[in-house]
Amino acid sequence: MSPALQGLVTIIIGVGGCVAYFYFSNQLLDKVLFPPRGPDAGRNINRANAIRPWLFMGPAILALGLYLAYPVFETLRLSLTDRSAGGAFVGMDNYTQMAQDGKFWEAVRNNFLWLLIVPAMSTAFGLLAAQLTDRISWGNIAKSLIFMPMAISFVGAAVIFKLIYDARPEDVAQIGILNAVYLQLGGDAPITWLTIPFWNNIFLMIVLIWIQTGFAMVILSAALRGIPEETVEAAIVDGANPFQIFFKIKMPQISGTIVVVWTTITIVVLKVFDIVFAMTNGQWETQVLANYMYDKMFRANDWGVGSAAAMIIMLMVTPILVWNVYNARKEMR
Amino acid sequence: MDSIAGKKSGLTWAVHISVAALVLLWIFPTVGLLISSFRTTDQIVTSGWWAALFPAVQNETLRTADPDDFRVARDGMFVVEGNLYVVDGSVDDAADVPAEISAWGTSSRAIDDYVAGDTADLGDGEMITVQSNGDYVWVGDEEQLSGRGQRVFVTAESPPEFTLDNYRGVLFDPANREGMSRAFMNTLTVTIPATIIPILIAAFAAYALAWMDFPGRALLVAAVVALLVVPLQLALIPLLSLHNDIGIGKGYLGVWLAHTGFGLPLAIYLLRNYMVGLPRDIIESAKVDGATDFQIFTKIILPLSFPALASFAIFQFLWTWNDLLVAMVFLIDSSGETTVMTRQIVELLGTRGGDWEILATSAFVSIAVPLVVFFTMQRYLVRGLLAGSVK
């Protein structure tokens, strides 16, 4: 069966199955198990209403539990066992083995660099773009163009930026804009930008900054529009200049949104994989945790160390997870 | 701010210019790839894509036809006539010459001595005239017009030239060397069920979390928020083993299930937030009229939630279309029959690293669909982002 046809059948079975499940389970509940008739009508309605939420949520809870909750614990278990020894419990062996691997520390160091630079730069550019575009007539078009990279895959972006960083031998025309500009400005010889340790990390980060700025801009622009006019007007009346208005009046009022944007991008950064995988594959000291983990799991087939690396990523996400849950619960009250 | 204060300052201009600079900086990389995908291999390797936007100025050394074979006697002199580009072999007919000669010369030391239409005096009555399209008339006596043709150094300007050949090669070449047309179909096969199925499951759950009272509801909402940020990296090995154990293995079913699972937290979160905001009166009066929860959901909540459903659908579509990791782990087996576009492009980066016409075109084929979705449905995307920016 051709994949397209298979896909169509799956859509029909999947969607039809879902609809059938919800419909018939509700019918079963209302018509057969607890019909709202007869002597127990009142009690049956209550019983049915107590069960119904779980019918509605059943598939979702099953999927979430199986595909997200269970793996957290399973990965923890795998990180404490050794696959080659038949899954025997080895305590912290995988973690100590990982701690002795230079590549791991390189990945940790790079991840911290990413965490420092990418959210800061994306938020800063996003804020700049939001503030500037809110004030001009063609602002929406400008926004839409800056936002566009959001739709581009990390792999597509990797190709786009590989062309920018491309280096050719000195005696032929440069087709990478960076080297062309560099030579115009008096550089001696074309540089293969992605192979200079440390700086190549920055060149990879630029790709993610380019993608995430649009996201930051959209959220922050909405926050800026939410600022009450009166506060700005009052500041103008008091003689504040545009910079004072921005930094002293607007910034404090959107600080909450800035934090949200920052943490959201932080999570994207922690999971960053495709960009590094497609552009350098962790060579030339550009390794990051997610790619290190992939290397260990699927190239070296070392599930123990790979799971340990995944747990490190989980550990780094946990503070944000706790903070998000805390805020969500506060909002619900 | 300026308008509020009632004054337009020089700052407004600064804003316009900065925004223009920012926008140019942001679209510049994509435009580079787009333009490269319309250039021929030769053009790509000989000049940067930015050069394609302007008429290319080229210095060439051309030669007239061999006088021994082509000279004709006229008025006591010998004449060789023709077109420099036809002699060169770059075009078949003088009418097709793409370039326009602006300056030319007969010595390598002075290649721009004459402009088009000028006649150069080569001494002792020998003369040559070159027109802007490369037509020349070379006049001299028998001795002067012998041996090899006269060298002419031309400075020519050819207009920007673009081709669709790359797209023809990548998408419609029956040999399908780049594997992109198959990868395109595979990506589509992954994406559509992986977008539709989670919506349905999430919508029911979101309704329960928003409008039904039951113990543990707050806890479940908190769990959904927590699962929003759980890195899917953790799920790779446990789920792959699970899929292998229950006999799904690597394949479409596995990748659909995985995308469904990974997309659910955002779906439930977005839809619940939206549904909570729907007016309570509608739902309560429907209940009073005897509607069941199932009817309320399908007849009232679902239609009203269309904007939120659309937001999530776009997110999930972009995410599954652009995904690399999940497809590599759950779908692509060693046969490579089920490869998706992102994986294929990474493959091409490795094997065809220098062939930018292939890379640029393949990348653009995979970027094009999300871009169309992005520009047509941007409104919903922004709304979804604003509602779900916890992720």
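Scanning the range A:114-135 for residues that are of a type in the set (A, V, I, L, M) and surrounded by 15 or more Cβ atoms within 10 Å (Cβ to Cβ) yields A:115, A:117, A:118, A:121, A:127, A:128, A:129, A:130, A:132. Residues that are among the hydrophobic types (A, V, I, L, M, F, W, C), facing chain B (nearest Cβ under 9 Å) and farther than 20 Å from residue A:142 by Cβ within the range A:214-234 comprise just one, A:232. Those strands (runs of 3 or more DSSP E) of the range B:39-86 in which at least 1 residues are within 30 Å of residue A:170 (Cβ to Cβ), considering only elements entirely within it, cover B:56-63.
One residue stands out among those in the range B:342-361 that are more than 8 Å from chain A (Cβ to nearest Cβ) and open to solvent by less than 50 Å² (accessible area, probe 1.4 Å): the one that is nearest to residue A:148 (Cα to Cα), which is B:361.
Among the residues making up the range B:207-227, a single one is under 36 Å from the mean Cα position of the chain (by Cα) and more than 7 Å from chain A (Cβ to nearest Cβ): B:224. If you go through the range B:373-391 and pick out every residue that is open to solvent by 10 Å² or more (accessible area, probe 1.4 Å), part of a helix (DSSP H, G or I) and more than 9 Å from every other protein chain (Cβ to nearest Cβ), you end up with 5. Within the range B:92-125, take every residue that is among the polar types (S, T, N, Q) and touching a strand residue (DSSP E or B) at 6+ places or on another chain (Cβ under 7 Å) and give me the one that is surrounded by the most Cβ atoms within 10 Å (Cβ to Cβ). The residue in question is B:106. Remark: residue A:277 falls outside the filter, which requires a residue to be aromatic (Phe, Trp, Tyr) and surrounded by fewer than 22 Cβ atoms within 10 Å (Cβ to Cβ). Residue B:201 meets the conditions (1) surrounded by 21 or more Cβ atoms within 10 Å (Cβ to Cβ); (2) touching an Asp or Glu at 6+ places or on another chain (Cβ under 8 Å); (3) over 30 Å from residue B:334 (Cα atoms) in every case but one. The failed one is (2). Looking at residue B:320, is it buried (at least 16 other Cβ atoms within 10 Å of the Cβ), touching a Pro at 6+ places or on another chain (Cβ under 8 Å) and within 16 Å of residue B:258 (Cβ to Cβ)? No; evaluated as a whole, the condition is false for this residue. Taking the numbered list (1) assigned to a helix (DSSP H, G or I); (2) at the interface with chain B (Cβ under 7 Å from one of its Cβ atoms); (3) not basic (Lys, Arg) in turn, residue A:122 passes all entries but (2).
Do we have any residue at all in the range B:255-264 that's open to solvent by 10 Å² or more (accessible area, probe 1.4 Å), out of contact with any helix residue (DSSP H, G or I) (no Cβ under 6 Å at 6 or more places or on another chain) and not acidic (Asp, Glu)? Yes, there is a match, as at least one residue in the range B:255-264 is open to solvent by 10 Å² or more (accessible area, probe 1.4 Å), out of contact with any helix residue (DSSP H, G or I) (no Cβ under 6 Å at 6 or more places or on another chain) and not acidic (Asp, Glu). Residue B:188 meets all of the listed conditions (1) farther than 17 Å from residue B:265 by Cβ; (2) hydrophobic (A, V, I, L, M, F, W, C); (3) more than 9 Å from every other protein chain (Cβ to nearest Cβ) but one, namely (3). Does residue B:369 meet the test of being open to solvent by 10 Å² or more (accessible area, probe 1.4 Å), at pLDDT 85 or above and assigned to a helix (DSSP H, G or I)? Yes, satisfied.
If you check residue B:128 against the conditions, is it surrounded by 17 or more Cβ atoms within 10 Å (Cβ to Cβ), modelled with pLDDT of 80 or more and more than 14 Å from every other protein chain (Cβ to nearest Cβ)? Yes; evaluated as a whole, the condition is true for this residue.
When each of A:214, A:256, A:282 is tested for being within 30 Å of residue A:109 (Cα to Cα), modelled with pLDDT under 85, open to solvent by less than 60 Å² (accessible area, probe 1.4 Å) and assigned to a helix (DSSP H, G or I), the lone residue that passes is A:256. The residues of the range A:190-209 that are open to solvent by 10 Å² or more (accessible area, probe 1.4 Å) and in a helix (DSSP H, G or I), listed by number, are A:193, A:194, A:195, A:199, A:202, A:203, A:206, A:209. Filtering the range A:296-327 to residues that are in a helix (DSSP H, G or I), touching a Lys or Arg at 6+ places or on another chain (Cβ under 7 Å) and open to solvent by 30 Å² or more (accessible area, probe 1.4 Å) leaves only A:303. Take the conditions (1) in a loop (DSSP other than H, G, I, E, B); (2) open to solvent by less than 50 Å² (accessible area, probe 1.4 Å); residue A:37 misses just one of them, which is (2).
Residue A:50 passes every criterion in (1) within 17 Å of residue A:297 (Cβ to Cβ); (2) facing chain B (nearest Cβ under 9 Å); (3) in contact with a Phe, Trp or Tyr (Cβ under 7 Å, 6 or more places away or on another chain) apart from (1). One residue is enough: does the range B:231-243 have a residue meeting the conditions assigned to a loop (DSSP other than H, G, I, E, B) and either touching a strand residue (DSSP E or B) at 6+ places or on another chain (Cβ under 8 Å) or facing another protein chain (nearest Cβ under 7 Å) (or both)? Yes, there is a match, as at least one residue in the range B:231-243 is assigned to a loop (DSSP other than H, G, I, E, B) and either touching a strand residue (DSSP E or B) at 6+ places or on another chain (Cβ under 8 Å) or facing another protein chain (nearest Cβ under 7 Å) (or both). Out of the residues in the range B:32-44 that are touching a helix residue (DSSP H, G or I) at 6+ places or on another chain (Cβ under 8 Å) and open to solvent by 50 Å² or more (accessible area, probe 1.4 Å), state the one that is nearest to the other protein chains (Cβ to nearest Cβ). Among residues in the range B:32-44 that are touching a helix residue (DSSP H, G or I) at 6+ places or on another chain (Cβ under 8 Å) and open to solvent by 50 Å² or more (accessible area, probe 1.4 Å), the one nearest to the other protein chains (Cβ to nearest Cβ) is B:34.
The values are calculated or read from the model by the stated rules, or taken from the named source; none is laboratory data. Only a predicted model underlies this, so the values are computations on that prediction, with no experimental measurement involved. Cβ coordinates were reconstructed from backbone atoms using ideal geometry, including for glycine residues, and neighbour counts include every protein chain displayed. Protein only, heavy atoms only, side chains kept; ligands, DNA and RNA dropped before computing areas. Shrake-Rupley method; radii C 1.70, N 1.55, O 1.52, S 1.80 Å.
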